[in-house]
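All remarks here apply to the structure that follows.
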Amino acid sequence: MEETMKRIMAAIVGAVLVAGAAQAETLNFSVGMGPNSSITKAVNAYAERVEAATDGEVKIKVFPLELVGLPEMAPGIRDGLTDIGYMATPYFPSEFAHSNFLAELSMALNLFEGVSGIAGNAYAGAMTEFITTKCPECLAEFKAQNHVYMGHMSTSPYSLLCNGDVKTIDDLKGKRLRAGGAVFKRFSEHFGAVGVQLPANEAYEALSQGVLDCAILSVPELTNYRLQDVVTSVTLGVPGNVFGGTVSGNFNRDVWAGLTPEQREDIFKEQARLASDMTFTYASEQERNLKETKDLGKSVYTPDAEMQAALKDFAMADQDVVAKLFAENYGVDDAAEMQAEFLTVLERWLDLVKDVKNAEELAKIYWTKNYSKLDPNGYGLD
């Protein structure tokens, strides 16, 4: 009898263990960038932390360039081709009109003094706060695409990565510039250049074949997309705004609903660190890439007073242009009000992150000011 009871108890324990194993989730995270990019490295670290935080109940498999690419990320998340995705919303202008409008306002950074080193840190925090607390239209757009919005990251300020030299405003005339979004196309045309809209991962070939003269991208893309091989000069801070239109890791709504509140809470904490790692790394990688550029004997230019003044004039005028365009083309009827409120939030974030020294400090701010305020029992489930 005693031996029989032992066998029964062993069977029960085994069944419990099997049931526990069956409940473990393995989620796919599509990145759309190379395996050695800073973004993919940040996602790999995030995957490890999520597994540890959930005691192995949630595992994440990272797909750098496989599964779903950047141009297909929104429908990929929507349709469950990937459970989580790093996504640039400007690829989908009408689907995410309100958040794209906020991202387009980044040219306003040229109107603030001394923000270049912290610009991305502030913009990502401001975007996440505004969308989760002040923009129900933004959240409704993500919901309509079967997404759970999980916050923004940001690049460091955009510069001109050129095959050739751009030292002055006049040098821009006639140049073919990679313009990843509408604001960069407007910038190009304003200064007599030609804005060529194409994905960042096509810039290498376009520069090497002479299709482009320069790519408007952040300096760390010299490494992320191997552009160091085809770029001969960098003009810093032109146009000077960050690219703040990328979400760090949206979830498919059905997948999110299948997680427990405890798992969602753990993921919120790790999302704060993910956004921080992605964003802060751009700032630190900028310095490393610039040093490498100089060591290779390539030129690094800074805008003179005339160029800086011209950039500020354009940034000031563009604030009215972008509000009008989004109201007319995408039905963002409250664009002017959103603009004024968002810039107030952004100014506060510029102060919040001004003394941040590393990704850990930035993550604490993102958690305290943004992610800790999300309800794991309700966010993304209504």
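The values are calculated or read from the model by the stated rules, or taken from the named source; none is laboratory data. Note that this is a predicted model, so its numbers are computed, not measured. For neighbour counting, all protein chains shown are included, and Cβ atoms are generated from backbone atoms with ideal geometry for every residue, glycine included. These area figures cover heavy atoms from the full protein model, side chains too; ligands, DNA and RNA do not enter into them. Shrake-Rupley method; radii C 1.70, N 1.55, O 1.52, S 1.80 Å.
A few points about this structure:
- Of all positions in the stretch 340-347, none carries a residue that is assigned to a helix (DSSP H, G or I), hydroxyl-bearing (Ser, Thr, Tyr) and crowded, with 22+ Cβ neighbours inside 10 Å.
- Here Tyr371 meets the list (1) within 30 Å of Leu161 (Cβ to Cβ); (2) surrounded by 14 or more Cβ atoms within 10 Å (Cβ to Cβ) almost entirely, failing just condition (1).
- Contact annotation: residue pairs with Cβ atoms under 6 Å, 6 or more positions apart or on different chains, pairing a residue in the stretch 241-258 that is open to solvent by 10 Å² or more (accessible area, probe 1.4 Å) with a partner that is in a strand (DSSP E or B), are Arg253/Val148.
- For the stretch 363-381, a tally of residues being within 14 Å of Arg264 (Cβ to Cβ) and not in a helix (DSSP H, G or I) returns 8.
- Extreme residue, modelled with the lowest pLDDT, among residues of the stretch 273-293 that are open to solvent by less than 10 Å² (accessible area, probe 1.4 Å) and either among the charged types (D, E, K, R) or within 13 Å of the chain's Cα centre (by Cα) (or both): Tyr282
- Answer from Val242, Val300 - the residue that is assigned to a loop (DSSP other than H, G, I, E, B) and not charged (D, E, K, R): Val242
- Condition check for Ala52: farther than 19 Å from Ala88 by Cα, at pLDDT below 90, open to solvent by 40 Å² or more (accessible area, probe 1.4 Å) and not in a loop (DSSP other than H, G, I, E, B): no
- Of all residues in the stretch 68-84, those satisfying the criterion of being surrounded by fewer than 20 Cβ atoms within 10 Å (Cβ to Cβ) and in a loop (DSSP other than H, G, I, E, B) are Gly69, Asp79, Gly80, Leu81.
- Residues in the stretch 111-128 that are assigned to a helix (DSSP H, G or I) and of a type outside the set (Gly, Ala, Ser) were compared, and the one that is farthest from Leu352 (Cα to Cα) is Leu111.
- Looking across the stretch 183-195, just one residue is under 21 Å from the mean Cα position of the chain (by Cα) and either surrounded by fewer than 20 Cβ atoms within 10 Å (Cβ to Cβ) or assigned to a strand (DSSP E or B) (or both), and that is Lys185.
- Flag: Gly164 does not match the condition of being at positive phi, open to solvent by 10 Å² or more (accessible area, probe 1.4 Å) and free of Cβ contacts under 8 Å to residues at least 24 places away in the same chain.
- Listed conditions (1) open to solvent by less than 40 Å² (accessible area, probe 1.4 Å); (2) assigned to a helix (DSSP H, G or I); (3) more than 23 Å from Asn100 (Cβ to Cβ) are all met by Val356, apart from (2).
- The number of residues in the stretch 129-173 that are of a type in the set (Gly, Ala, Ser), within 19 Å of the chain's Cα centre (by Cα) and outside any loop (DSSP other than H, G, I, E, B) comes to 1.
- Flag if Asp320 is modelled with pLDDT under 95, open to solvent by 90 Å² or more (accessible area, probe 1.4 Å) and not in a helix (DSSP H, G or I): no
- Tally, over the stretch 309-328, of residues that are of a type outside the set (Gly, Ala, Ser) and free of Cβ contacts under 8 Å to residues at least 24 places away in the same chain: 4
- Summed over the stretch 121-157, residues that are open to solvent by 10 Å² or more (accessible area, probe 1.4 Å), touching a helix residue (DSSP H, G or I) at 6+ places or on another chain (Cβ under 6 Å) and small (Gly, Ala, Ser) total 0.
- Top-ranked residue in the stretch 87-110 [being aromatic (Phe, Trp, Tyr) and closer than 12 Å to Pro71 by Cα; ranked as surrounded by the fewest Cβ atoms within 10 Å (Cβ to Cβ)]: Phe92
- Test: Ser276 is under 19 Å from Ala119 (Cβ atoms), in a strand (DSSP E or B) and of a type outside the set (D, E, K, R): no
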